[in-house]
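Engineer: Please see the structure below; I have some questions.
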Amino acid sequence: MRLTRRDALALGLGATAASFLPLRAVASAEEAIAAFTGGVEPAEGGVTLNAPEIAENGNTVPVSVEAPGATAIILIATGNPQPGVATFNFGPLAGAQSAATRIRLAGTQEVIAIAKMADGGFARASRVVKVTIGGCGG
Amino acid sequence: MAKDVKPRVKVPKTAAAGEVITIKTLISHKMESGNRKDSNGNRIPRSIINRFTCDFNGQNVIDVEMQPAISTNPFFEFQAKVPESGEFKFTWYDDNGSIYEATRAITVS
């Protein structure tokens with residue numbers, strides 16, 4: 001097979017794309033945050049994120065978030081193949097802006113919670129969770 | 001898949017007017033993330049519940065958008081304000097279009 005100029009170009013592009021792959025997860029975590037905040041820089045504090053320091057089983061890690069005065073809270077796992085975890089939208093009858101659930105973590109990583117406040121501001125909290133056995137399969 | 005999905009909800013039976021109560025919900029669902037592979041190395045297609053909502057007498061309490069990082073048998077705990085007697089309605093939306101529902105009545109004494 002002869003390598004035409006077009007083939008060579010395609011190969012080069014493929015190699016460039018492949019070299020970007022490891023960076024993708026972190027980049028898309030930032031994208032997920034930007035999509036939620038609209039580019040506004042979140043302030044530290046105002047939102048509480050509870051997660052275990054060490055999770056033995058990454059398949060089910062209990063986490064809870066609380067942010068008084070928030071309208072929505074997004075949870076992001078920076079080290080997962082898909083960083084989005086969940087978005088909690090609080091309605092008029094929410095008794096408190098808090099929620100607890102169980103999530104999957106692929107490995108030791110930083111979990112981020114960002115709350116959208118009623119006044120339009122954003123608050124951020126993060127915790128590093130050590131995971132003994134990853135929970136995303138693969 | 002759809003027939004072994006069973007929602008379980010824990011809501012107090014009575015409350016005082018305006019009281020904030022804690023609700024716990026769990027639904028049995030395998031929440032296939034779409035990242036796992038079977039023994040032949042083929043990717044198992046994603047099949048999750050992607051949304052959960054709770055309403056009281058038609059007013060929204062919480063609306064959760066879920067992604068594959070939510071564990072098998074999704075569990076949620078949250079707080080709701082009860083202004084009057086009525087009914088909580090819980091709805092789960094599956095990727096395959098199925099909708100699972102549960103209702104619980106509560107009496108304000």
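Engineer: I need the strands (runs of 3 or more DSSP E) fully contained in region A:58-100, keeping only those with at least 1 residues that are at pLDDT below 95 and under 12 Å from the mean Cα position of the chain (by Cα).
Structural biologist: Fully inside region A:58-100 and qualifying: A:70-77, A:84-90.
Engineer: While we're looking at this one, here's another question. Among the residues of region B:79-96, is any within 23 Å of residue A:77 (Cα to Cα), among the aliphatic types (A, V, I, L, M) and within 12 Å of another protein chain (Cβ to nearest Cβ)?
Structural biologist: No, region B:79-96 contains no residue that is within 23 Å of residue A:77 (Cα to Cα), among the aliphatic types (A, V, I, L, M) and within 12 Å of another protein chain (Cβ to nearest Cβ).
Engineer: Okay, next question. Residue B:60: farther than 21 Å from residue B:28 by Cβ and either basic (Lys, Arg) or within 7 Å of chain A (Cβ to nearest Cβ) (or both), yes or no?
Structural biologist: Answer is yes for this residue.
Engineer: Just checking, how many residues over region B:33-51 are assigned to a loop (DSSP other than H, G, I, E, B), more than 9 Å from chain A (Cβ to nearest Cβ) and within 17 Å of residue B:69 (Cα to Cα)?
Structural biologist: Final tally of qualifying residues: 3.
Engineer: Got at least one residue in region A:38-57 being farther than 28 Å from residue B:23 by Cα, away from chain B (no Cβ under 11 Å) and β-branched (Val, Ile, Thr)?
Structural biologist: Yes - at least one qualifying residue is present in region A:38-57.
Engineer: May I pose another question? Quick check on residue A:28: is it modelled with pLDDT under 90, part of a helix (DSSP H, G or I), open to solvent by less than 60 Å² (accessible area, probe 1.4 Å) and not hydrophobic (A, V, I, L, M, F, W, C)?
Structural biologist: yes
Every residue, every condition in (1) touching a helix residue (DSSP H, G or I) at 6+ places or on another chain (Cβ under 7 Å); (2) free of Cβ contacts under 8 Å to residues at least 60 places away in the same chain; (3) aliphatic (A, V, I, L, M), yes or no:
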position	(1), (2), (3)
B:6	no, yes, no
B:9	no, no, yes
B:12	no, no, no
B:16	no, no, yes
B:23	no, no, yes
B:29	no, no, no
B:32	no, yes, no
B:39	no, yes, no
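Engineer: In region B:80-87, is there at least one residue being part of a loop (DSSP other than H, G, I, E, B) and closer than 17 Å to residue B:8 by Cα?
Structural biologist: no
Engineer: Under the condition of being of a type in the set (Asp, Glu) and without any contact (Cβ under 8 Å) to a residue 60 or more places away in the chain, which residue from region B:83-109 is surrounded by the fewest Cβ atoms within 10 Å (Cβ to Cβ)?
Structural biologist: By that ranking, first place goes to B:87.
Engineer: Only one of (1) farther than 24 Å from residue A:75 by Cα; (2) within 7 Å of chain A (Cβ to nearest Cβ) fails for residue B:108. Which number is that?
Structural biologist: Single failed check for residue B:108: (2).
Engineer: Does residue B:69 satisfy the criteria of being more than 13 Å from chain A (Cβ to nearest Cβ), open to solvent by less than 20 Å² (accessible area, probe 1.4 Å), in contact (Cβ under 8 Å) with a residue 12 or more places away in the chain and out of contact with any Asp or Glu (no Cβ under 6 Å at 6 or more places or on another chain)?
Structural biologist: No; evaluated as a whole, the condition is false for this residue.
Engineer: Out of (1) modelled with pLDDT under 95; (2) under 18 Å from residue B:70 (Cα atoms); (3) open to solvent by less than 10 Å² (accessible area, probe 1.4 Å), the odd one out for residue A:127 is which?
Structural biologist: Failed condition: (3).
Engineer: Would you say residue A:46 is modelled with pLDDT under 90 and either farther than 20 Å from residue B:35 by Cβ or surrounded by fewer than 16 Cβ atoms within 10 Å (Cβ to Cβ) (or both)?
Structural biologist: So residue A:46 fits the description; yes.
Engineer: Now for a separate question. Do we have any residue at all in region B:40-50 that's under 24 Å from residue A:115 (Cα atoms) and open to solvent by 20 Å² or more (accessible area, probe 1.4 Å)?
Structural biologist: Looking through region B:40-50, at least one residue is under 24 Å from residue A:115 (Cα atoms) and open to solvent by 20 Å² or more (accessible area, probe 1.4 Å).
Engineer: Okay, moving on. Would you mention how many residues in region A:64-101 are more than 7 Å from chain B (Cβ to nearest Cβ) and either open to solvent by less than 10 Å² (accessible area, probe 1.4 Å) or touching a helix residue (DSSP H, G or I) at 6+ places or on another chain (Cβ under 8 Å) (or both)?
Structural biologist: Adding up the residues that qualify gives 11.
The values are calculated or read from the model by the stated rules, or taken from the named source; none is laboratory data. Worth saying up front: this structure is predicted, and the values here are computed from it rather than measured. As a convention, Cβ positions derive from the backbone with ideal geometry for all residues, glycine included, and neighbour counts pool all protein chains shown. Accessible surface areas use protein heavy atoms only, side chains included; no ligands, DNA or RNA. Shrake-Rupley method; radii C 1.70, N 1.55, O 1.52, S 1.80 Å.
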